[in-house]
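**Student:** What follows is a single structure, and I will ask about it in a moment.
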Amino acid sequence: MNKILVVDDDAELAKLLETHLASEGFDVAVASDGNKVLDLMSTFEPDLIVLDIVLGTEDGRDVLREIRLLSDVPTIFLTGRGLESERIAGLKLGADDYIVKPFSLLEVSARIETVLRRAGANMAQHHIDQPTLNFGGLLINENTHEVHLNGVLVELTSKEFALLAFLARSPRQVFSRTQLLEHVWESSVEWQDDATVTEHIRRLRAKLEAVPDKPRWITTVRGVGYRFEAG
């Protein structure tokens, strides 16, 4: 259940919105001033805010500035002004949408659902784009199969990526070539030459290491195998 915070000093309108949104399945809280909004940001933790641009002696835009210091929670402005310049000003402040009075309650709930869907899609994309393995200068994203080294995208084959990701998931753990054949290639020395592992390690070092003969990321443990160095 999404949490909606309605911010309006018009008690009648706030109650109307609260009742309607609750009937639409939202969990609703109401605030009439900026101080109450800031309190509810931590106690109620809204998923979206419906904010009147005029709050008695307060300016809703100032309240939004305070909100943005704490959170990027989606926010929809309510206003009696329909001027394009006013809408643009609100959007530049960080509002996600703008509803001009008078409005229908169905329009409000439809706008809320649209903004929530958009925010959800943005969050999902943000999650996808975040590296799953982060070693400072070396970022490995298993969602997108991308590797960045010092901000530069490194082009790897699918098997090179699989080998690097497998080693990086267990920093400092040593794996033999036989183990790597089993886990990365799903094969064995009976079916595949373990020199395949050696060659792929060489290719990875050529792409990742400043000095391949003195590797920083993938080191050799003589007589045992290879390990990934995180530190």
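**Student:** Order these by the 10 Å Cβ neighbour count, fewest first: Asp194, Asp213. Working shown, then result.
**Tutor:** On the way: Asp194 17, Asp213 6.
Least to most surrounded, the residues fall as Asp213, Asp194.
**Student:** Give me the dipole magnitude in Debye, nearest 20, for the chain about the Cα centre, with unit charges on the beta carbon: positive for Lys and Arg, negative for Asp and Glu.
**Tutor:** Dipole of the chain, to the nearest 20 debye: 1240 debye.
**Student:** Same structure, new question: Based on the Cβ-Cβ distance from Arg169 to Asp72, what FRET efficiency comes out when R0 is 30 Å, to the nearest 0.05?
**Tutor:** 0.45
**Student:** Let me ask something else about it. Please give the helix 105-129 orientation as an angle from the longest Cα principal axis of the chain, in degrees from 0 to 90, rounded to the nearest 10.
**Tutor:** Between the helix axis and the principal axis of the chain, the angle is about 20 degrees.
**Student:** Would you mind computing Rg(Cα) / (2.2 N^0.38 Å) for the stretch 141-231, counting N as its residues?
**Tutor:** Compared with the compact-globule rule of thumb, the stretch 141-231 sits at 1.03.
**Student:** For percent of Cα pairs over 28 Å apart, one of (1) 33; (2) 51; (3) 42 was computed from the structure I shared and the rest are decoys. Which label?
**Tutor:** Matching the structure shown: (2).
**Student:** Got a sec? Charge dipole of the chain, +1 on Cβ for Lys and Arg, -1 for Asp and Glu; which of Gly223, His145, Ala31 is way out at the positive end?
**Tutor:** So the residue furthest toward the plus end is Gly223.
**Student:** Can you tell me the relative contact order of the chain? Whole percent, Cα pairs under 8 Å, sequence separation 6 or more.
**Tutor:** Normalised by residue count, the contact order of the chain is 11 percent.
FYI, it's all coordinate maths here, none of it is from the lab. This is a predicted model, so every value here is computed, not measured. Quick reminder, even Gly has a Cβ in these numbers, built from the backbone with ideal geometry, and neighbours come from all protein chains shown.
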